[in-house]
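The values are calculated or read from the model by the stated rules, or taken from the named source; none is laboratory data. Small disclaimer: the values here were computed from a predicted structure and weren't measured. Quick reminder, even Gly has a Cβ in these numbers, built from the backbone with ideal geometry, and neighbours come from all protein chains shown.
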Amino acid sequence: MAQRKNNFSEENFMTGFGVGLAAGAVGMFLFGTDEGTKLRKELKDHWQEAAADLLAEGVIENAEQDLWGLFKDILDKAGSEVSEHQLESIKKSKTATTARKTRKKNQFKGV
């Protein structure tokens, strides 16, 4: 039985697992502890102070936007760029496959 080729490596899995583990730990700290609650309040206060400067520098478009909204916008933009990159990769792969088939088709088969 032939083994299926897998596009995911063990390194990619471990990287994803590590990032997920860290995100879970941060989430647990921020939302599951009293210190995390205090830190969230401090971050919110600092964000409100920094929003005016960020608006003046053109980093954000709306001073009323909260930190979560900004984070969500960044994730949405990153997701759309990843999708575009995946589509480009698929198009390149199809083009390369078609070129290989054409080369094989035009090869000399003998007398």
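Numerical summary
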| item | result |
| --- | --- |
| Residues being over 10 Å from the mean Cα position of the chain (by Cα) and closer than 20 Å to Ala51 by Cα - total across the stretch 69-84 | 5 |
| Qualifying residue in the stretch 84-107 (condition: modelled with pLDDT of 85 or more and either in contact with a strand residue (DSSP E or B) (Cβ under 7 Å, 6 or more places away or on another chain) or of a type in the set (Gly, Ala, Ser) (or both)) | no |
| First in the stretch 13-31 and closer than 22 Å to Glu42 by Cβ, second anywhere and part of a helix (DSSP H, G or I), Cβ under 6 Å, 6 or more apart | Phe29/Gly36; Leu30/Gly36; Leu30/Arg40 |
| Of residues in the stretch 53-68 being under 18 Å from Gly27 (Cβ atoms) and surrounded by 12 or more Cβ atoms within 10 Å (Cβ to Cβ), the one farthest from the chain's Cα centre (by Cα) | Asp66 |
